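Written out below as structure tokens is the structure these notes cover.
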Amino acid sequence: MWVQKTPAEQVTSELRNKRIKLRAAMIYPALLTLIITIIFTFTYPRLGSIRNGGAFLVPQDQWLIQLPSALISGVLMGVGTFLLMMYARESPKITLVCHECGKVKVDDGFTSCSCGGHYVDIKTMKWVEDKPLFRP
Ligand SMILES: [Zn+2]
């Protein structure tokens, strides 16, 4: 059943969510940077020559020449992705849960539930398992 989080639990879960968001905003851009650097170093200059029967990969003697610009492109894309992930607006949809019956819905402006209870932001609630009535 859904129960109200204590103020301390709300702060803790907000901090945890921020930590998860920051970690994702660092890991995905780093991977993107690596992938873009590899693609631009080893493949990009020759992509146009595929049509003319040229090799797909860049010759080894060109790798070091290609690396700096590929690295710069990768880092710029990574930084852009990081900023986008950190500061992009979150979804305006707020999920609500009924205090009494546990029904869940997207916020539609009505906070009264048909059971007589009222809907509250699900971020302020937590799920706990019901205790069994008796133990065999
Ligand atoms: Zn209800």
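P(r) for the chain: what percent of alpha-carbon pairs falls in each 10 Å bin, starting at zero?
Percent of pairs per bin, in order: 11, 22, 20, 16, 12, 12, 6, 1.
With 19 Å as the limit, write out which pairs from Lys103/Lys123; Lys105/Lys131; Lys5/Lys123; Lys93/Lys123; Lys105/Lys126; Lys18/Lys123 have Cα-Cα distances beyond it, or answer none.
Flagged as over cut-off: Lys105/Lys131.
Helix 60-87 versus the longest principal axis of the chain: what angle, 0 to 90°, nearest 10, using Cα atoms?
20
Among 78-87, 60-69, what's the highest-first ranking by average C-beta atoms within 10 angstrom per residue?
For the peptides 78-87, 60-69, the packing ranking is 78-87, 60-69.
Using the alpha-carbon atoms, what tilt in degrees (0 to 90, nearest 10) does helix 7-42 show relative to the longest principal axis of the chain?
20
Quick one: Debye curve from the C-alpha atoms of region 69-136, no solvent, what's log10 I(q)/I(0) at q = 0.11, 0.17, 0.27 Å⁻¹?
-0.53, -0.74, -1.11
Throughout, read-outs are computed from the coordinates displayed, never taken from laboratory work. Being a predicted model, the structure only gives us computed values, none of them experimental. Don't worry about glycine lacking a Cβ; one is built from the backbone with ideal geometry, like all the others, and counts go over all protein chains shown.
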